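Single-structure report; data block below.
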Amino acid sequence: MDNNKVSDMIKNIRKNNNLTQKEFADSLNVTFQAVSKWENGKNIPDIETLKLICSKYNIDINTLLNNSNIPEKRSYRYLFIIIIIILVLIIFILVFNNRKSDFTSTTITGTCDAFNVSGVLTYSSDKTSIIINSISYCGSSVDIYSDFEALIYAEQGNTEVLIGKMNVDGENTLDNFTKGLTFKIDSEIKSLIDTSSLKLIIRAKNSKNELVNYEVPLVLESKGN
């Protein structure tokens, strides 16, 4: 036997199994100094130890003695983890796409002589959300108002249903009352998207303590995912 070839094979067996010299030695009930000498070509195991190495690490003794290539030990644990991660990502993507496709959005616009309104309505089979992100005053009044409130109604059959309301305290102009004013409404009314009308009502008392009322029809502009 060629000592150098056997030493190389022993070193490959140990490294392929991710073992230190001491761990490899302990598995064979020898000292790590013995393993070191084997791998340095200073000595080789006796035939019984060679048989033990082949038995423990599933190596044919002829392969060991003839210096054939020893297949590397595959890390099936890491392969299994990678497969699990890929499956989780696929499931997440499928769930996300299903949730996304379940919702439909349409833009909301509204205009009257004094106000412009814009927003978005998003709905699914069991929920409707309305976000009004811009209410701007375009009238000419600079009067000071109080008791300001904004209300959103939906027509359901022959009745109007209040689905959103917001009050602003203090005294101010209509322009300042509506600046930065937004609505976010979550409704369980499944048929809200099919309602014949939505409208925004703005009410306030002027400096003469008169109630001023503005009605802004809300229009659903377009539909799409």
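Remark: pairs (first residue in the range 1-26, surrounded by fewer than 18 Cβ atoms within 10 Å (Cβ to Cβ); second residue of a type in the set (K, R) and in a loop (DSSP other than H, G, I, E, B); Cβ separation under 7 Å; 6+ apart in sequence or on different chains) = N16/K73; N17/K73. Residues that are modelled with pLDDT under 85, open to solvent by less than 70 Å² (accessible area, probe 1.4 Å) and either touching a strand residue (DSSP E or B) at 6+ places or on another chain (Cβ under 9 Å) or more than 30 Å from N133 (Cβ to Cβ) (or both) do occur in the range 88-105.
The values are calculated or read from the model by the stated rules, or taken from the named source; none is laboratory data. This one's a predicted model, so the numbers in the text were calculated from it and none came from an experiment. So basically every Cβ, Gly included, is an ideal-geometry build from the backbone, and we count neighbours across all protein chains shown. Quick note on the areas: whole protein, heavy atoms, side chains included, nothing else; ligands and nucleic acids left out. Shrake-Rupley method; radii C 1.70, N 1.55, O 1.52, S 1.80 Å.
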